[in-house]
Amino acid sequence: MTKAATIGLFAGLLLALAATTGGFGGLILALILGAVGLIVGLQVDGTIDVRAIARGRSRG
């Protein structure tokens, strides 16, 4: 995992902690926001291309 992806992951997790007060719903939200942060970080690094993935899903 690259530096930007790691920063994105931690940013998403920190946002989740700021937005939640705990409980199972908070855990799920933290996982979702962490995954979003990871995807953004990987996009910034050029490891993945989110637009290409979205275009592939819209076909057929």
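All of the numbers you see were taken from the coordinates with simple rules; none came from a lab. None of these values were measured; they are calculated from a predicted model. Backbone-built Cβ (ideal geometry, glycine too); neighbour counts: all protein chains shown.
Short-range pairs are left out: with C-alpha atoms under 8 Å and at least six residues apart, the relative contact order of the stretch 3-58 is 45 percent.
Stretching LEU31 away from ALA52 to a fully extended chain increases their span by 5.2 nm, per 0.36 nm per residue minus the current alpha-carbon distance.
Does the chain come out rounded, prolate or oblate by the C-alpha gyration tensor, with a ≥ b ≥ c the root eigenvalues, rounded set by a/c under 1.5 and, if not, prolate when a/b is larger than b/c and oblate if not? It is oblate, given that a/c is not under 1.5 and a/b is not larger than b/c.
Its DSSP H runs of at least 4 residues, each contributing -39,500 (n - 2.57), put the calculated 222 nm mean residue ellipticity of the chain at -27000 deg cm²/dmol, to the nearest 500. Put in order of Cβ neighbour count within 10 Å, fewest first, the listed residues LEU14, LEU38 become LEU14, LEU38.
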